[in-house]
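Only one structure is covered here, and it is reproduced in the block below.
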């Protein structure tokens, strides 16, 4: 199976501390993957590298069927290439309405000049409506995002990600701060999404991961400790020692 | 021994009749010559008078030279005369008064200019051997100020007898200077020049430079009797003017002359047939002028072709005023060797200057580095705290007249005043604006303009002096080139002291530990029982207090005005930004870099300090391209990036 | 586009209507065109104030909407002024020189005129050659486009350097302040070619309009300034409406998020920085002919900070707020500093407002920042019953998002 994203031999050092150590990772075009690991294992740094926020000291990161290196691209270029990222804490534009947030995220030209003369059409409004329906925010379109509840903000952010129509979604702890029912919905959504695109979920919550029912990659001290089904990795003695046996 | 023999030898050489060694003897012997002196004959007499070594001789010569010497007709005795009523008051050369005399009884001696010059030269020699060292030093000063060929012999004669070693060195040095300029013997001059090789003192360069003065000439052919410094290309600016001055070519027609000439020949709305309207262009005017030339109404002017030909057929050169090629060659070599050394020393001096500037920036910026680096609060009023410190110093000096004590009192008082102001500002304003850095910037700016205006209202707009104690006056001069004023040394020491104090505070005290904890993670620090509010308040007070002390230091060499702070604020920010936030070493590196860079640019372009600042800021903008977080940047996640 | 654009932004109509009424009233009351109730000097003050309002609109775009606290926009304003000033001074001097030379018996050549102008303009700084930067000054068609081109290029180059290096928040503010200072220091030099600290003067005389009285000229400039403000306001309103404005506010509130949505944030910043610099330059180009003189002191960093003060007092993130702030504070300032405000005797001390106005301004600025962060514009919101959502998060633009990106704190 050809992979959509391929990270190989990547290392990053912060002031002598090796946050990522010779990490290799690959994911296919339509696949759901969970990444777990104890604090400081390098999960967030891994995402930073993929999205272009942090430049690795060595190693390669390639993306797409005709693999392009992501290392020379800016964050915005990477995002336009089709990698969407959801942050740990919900980050939406609180001073703008839900519909403005979604409009901003709709897949379209991003160059300033094109955006300046961009005008919304009925098609755009329909698309925004559809996205809002998908995440259950259809009644909140004219409200300011800052007024939403924490969970609703998480949903809005997910909807913004979907609006970009990414081919790879990086999701950082989506279930944090969500109620039980919201978690159920999130799980279902992620599983559904992974049918048409690659989704990487970083999560602590084992129950949540179990429900995702996917391959799991365990990070430890900046490199991959184990990879396989959840049952497989939870039987790995090293994993038990560093992570599960706490 | 030699001192005794010298006058003897002089007397012998001159072949004076007899061994008339005492002043009265000489005076009676040579009365006729003294009464009607001529330049040709009087020399030996003056020398003989000088040779007596009698102190009265000096007084006599001085009076003679000043035309205050009189000859009493009755007995042929010489007296120093001064007008008294209708007659003269007479004083014998040895200083004893000889009463009054009627004008008619005394012949006033009026030596001519040539004789007076000889007298003056003799007097210098006389003073050069004066028993009082202060007088001797004064004579040397006079020679150094206006050296003349006539001083050479007396000076040389006075060297051997000099007892004061310092004065002797000076005499020998002056002898070298006079020799290289005036000695008739070319070899002696070259030897004197070579003695100065590598001598970086200002007077040595001052003595050598005149030897290399040149004048610019134009000639049909290179003359053989000139000491040529350089042959110049014909296209040098002003070459044609040289030809004109030398009378080798006719003057070029200036547009103004042309216009005047045309105006003078204006007849019936036309000049030489060219209508007036056509004269509004240069080509029209040229045409009219040519027509006038052909009719002979105006003298022909040099055309461009003629100018080019004239330039081609002449040579242009710089010639040394000094005709002796050996001397100029030696002087050039000596100056070259001096220049190398001077260059090195200038660099050292510049380094000291840069160091002192860096100390000032460091002092001004250290408080800012604390508040900006530790609290992420930008304090636009920091400059005004510096100003408050300076005014505190000024007020203390008004109350305590002793400068030393007042400075000792002012330093802690300035700290206290600005500490209090800083704490008040933190409590009242900044506390409410944490995490809103841009608004903090603007609010503190509001405080800054208010404080500045209040200072203006209280102290007025004129600069107030903050006088340094006497022991800080003057400078530590290593030689003519390397020197640093004591105030700047004091500021350097103060900066070092602050660096040490700050390091001790942050690394060795409980407060420092808590400050570092709050810097890195306020929430965690708070949960460990550290009160971040208190720490922030103290940190801000400390940073402000240091600004106050810096204000006293800066006030010592800069004028204290209400704008004192704003003169330093941008540089201080630059220091912090360039150095890197949150690190005392960063502030140090930033100050060193900005100070060094500014001095460097001033050195490249000394006439223009404004340009230096412009270039420095441009440089900083470019620098940030490569090190956006400063020289010493925190890396990784701790940097907040 | 226009129908829905205006419809979605009713404040534009309100603003344009008030501006039109104001302009009409002033014109009718003026000496130049009306009944002469308002002295010419005051018309000039009002005209200048309109230009300041325009630069405040630009400042609101860059700071209130995009969250970039630029302390350099008054520098662009002054550079714009210098650019027109060069033409005005050259053309005016040329008229005088031509007149002087015309009295001679021989008509003047163009070279003589040029030389005469140079001597007139640069004699004061001891120059006899026309500096290269004056090459275009003889022609309005060549020189006036420089009003846009020079500040635009300056902003483009500076912005490119600064944004490319991801200089943010207070760092950027200080850097723009440094740029302003560098420019001011450069212009203070005599060999900068712009007459050093003498600056350019006599700008109130329009070439070719020597016969027109200042009363008339002042009204013409006043009307032009009003027109310009209207155009600038509509342009700014257009820029901030729609998705572009959304993106700008996105930069202000969380530029990292916007970047991960695929927006080239640096490009947007550069665009808005350059655009606002050009608006500021045009405002300056109309301001200084009314002021009559420009010198490097106009570029002092403090001027740009005052600009920020106006916008903050007026209310950030609202275009009309910026206009109100600039008009209110600058008019109040000239009232106080003009010695027209009555002194307050306290018995032991008399408060002369000429001396104490700056103190009052500084302190009220602190007060506004602390207690009324929405400024005067916030009052309008309350009148218009615009409900402020009860929400948590960035209240007014960049908080620590500008300094420390949120990800790093987690």
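Within the listed set C:144, C:299, C:360, the residue fluctuating most in the Gaussian network model of chain C (springs between alpha-carbon atoms under 10 angstrom) is C:360. Legend: ranking of residues C:369, B:444 from fewest to most surrounding C-beta atoms inside 10 Å; resulting order B:444, C:369.
For the range B:345-567, what does the convex hull of the Cα positions come to per residue, in cubic angstrom? Could the numbers behind the result be given before it?
Working: hull volume 29.5 nm³, N = 223.
With only Cα atoms used, the range B:345-567 gives 132 Å³ per residue.
Give me the distance between the Cα centres of the range A:55-77 and the range B:64-117, rounded to whole Å. Going from one Cα centre to the other spans 108 Å. The smallest convex shape that holds all Cα atoms of chain B, its convex hull, gives 337 Å³ per residue.
Shown is the FRET efficiency for residue B:31 and residue B:224, computed with R0 = 60 Å from the Cβ-Cβ distance and rounded to the nearest 0.05: 0.70.
Projecting label points 7 angstrom from Cα along Cα→Cβ for residue B:40 and residue C:119 puts them 5.9 nm apart. Gyration tensor analysis over the Cα atoms of the protein assembly as shown returns equivalent ellipsoid semi-axes of 78, 43, 33 Å (largest first, whole Å). Counting only DSSP beta bridges with both residues in the range A:97-232, the antiparallel share comes to about 60 percent.
For chain C, the alpha-carbon coordinates run over 83, 57, 52 Å along the three principal axes, in decreasing order. Between 0 and 90 degrees, rounded to the nearest ten: what's the tilt of helix B:584-604 against the longest Cα principal axis of chain B? Helix B:584-604 sits roughly 30 degrees off the main axis of chain B.
Pairs of Cα atoms nearer than 8 Å and 6+ residues apart set the relative contact order; for chain C it is 30 percent.
Of the DSSP beta bridges with both residues in the protein assembly as shown, give the percent that are antiparallel, rounding to the nearest 5. Percent antiparallel among DSSP bridges in the protein assembly as shown is about 75.
Ignore the peptide's own chain and count Cβ atoms of other chains within 10 Å of each Cβ in C:352-362; give me the average, rounded. Write out the running numbers ahead of the final one.
On the way: counts 1, 0, 0, 4, 4, 1, 7, 9, 2, 4, 12.
Mean number of neighbouring Cβ atoms from other chains: 4.
If R0 is 51 Å, what FRET efficiency do you get for residue B:283 and residue C:209 from their C-beta distance, rounded to 0.05? Walk me through the intermediate numbers first.
Details: r = 33 Å, r/R0 = 0.66.
Efficiency, rounded to the nearest 0.05: 0.95.
Computing FRET efficiency as 1/(1 + (r/R0)^6) for residue B:534 and residue A:126, where r is the C-beta to C-beta distance and R0 is 45 Å, gives about 0.20. Report relative contact order for chain B in percent, whole number only (criteria: Cα-Cα under 8 Å, sequence separation at least 6). The value is 13 percent. With a 10 Å cut-off around each Cβ of A:108-115, the average count of Cβ atoms from other chains is 6.
Out of all DSSP beta bridges in chain B, what portion is antiparallel? Express it as a percent rounded to 5. Close to 95 percent.
The angle between the Cα long axis of helix A:180-193 and the main principal axis of chain A comes to about 90°, on a 0 to 90 degree scale.
For chain A, set up a GNM with springs between Cα atoms under 10 Å and report which of A:114, A:143, A:215 has the largest fluctuation. Maximum fluctuation in the GNM of chain A, among the listed residues, is at A:114. When B:54, B:164, C:191, B:185 are arranged by Cβ crowding within 10 Å, least crowded first, meaning fewest neighbours, the order is B:185, B:164, C:191, B:54.
A crude spin-label estimate for the pair residue C:41 and residue B:521, with each label 7 Å from Cα along the Cβ direction, gives 6.5 nm. Shielding of peptide A:92-101 by partners, expressed as the average count of other chain Cβ atoms within 10 Å per residue Cβ, is 6. When B:47, A:139, B:105, A:95 are arranged by Cβ crowding within 10 Å, least crowded first, meaning fewest neighbours, the order is A:139, B:105, B:47, A:95.
Between residue C:220 and residue C:24, what length comes free when the chain is fully extended (0.36 nm per residue of separation minus the Cα-Cα distance, one decimal in nm)?
On the way: separation 196, 0.36 × 196 = 70.56 nm, distance 1.24 nm.
Going from the current span to full extension adds 69.3 nm.
Placing a label point 7 Å from the Cα of residue B:104 along the Cα-to-Cβ direction, the residues of the range B:61-79 whose backbone N falls under 18 Å of that point are B:71-76.
Each label point was placed 7 Å from the Cα along the Cα-to-Cβ direction; for residue A:111 and residue A:231 their separation is 5.4 nm. Residues considered: A:228, A:84, A:151. Largest GNM mean-square fluctuation over chain A, using C-alpha springs under 10 Å, is found at A:228.
Starting from the Cα coordinates of chain A, work out the convex hull volume and express it per residue in Å³. Walk me through the numbers before you get to the answer.
Working: hull volume 34.6 nm³, N = 246.
Dividing the Cα hull volume of chain A by its residue count gives 140 Å³.
Look at the alpha carbon pairs under 8 Å that are at least 6 residues apart: their mean separation over the length of the range B:215-320 gives a relative contact order of 55 percent. From the alpha carbon centroid of the range A:102-168 to that of the range C:19-51 is 48 Å.
Would you calculate a helix-derived [θ] at 222 nm for the protein assembly as shown, using -39,500 (n - 2.57) for each DSSP H run of n ≥ 4 and dividing by the full residue count, to the nearest 500?
Working: 51 runs with 748 residues, N = 1297.
Mean residue ellipticity at 222 nm (helix-derived): -19000 deg cm²/dmol.
The spacing between the range C:142-194 and the range C:261-280, judged by their C-alpha centroids, is 15 Å.
Helix C:73-102 and the long axis of chain C differ in direction by around 10°, with both axes built from C-alpha atoms.
Every read-out reported here was derived from the displayed coordinates using simple, explicitly stated rules and does not represent laboratory data. Given the structure is predicted, the values throughout are model-derived calculations rather than measurements. Ideal geometry is used to build each Cβ from the backbone, glycine not excepted, and the neighbour counts take in all protein chains shown.
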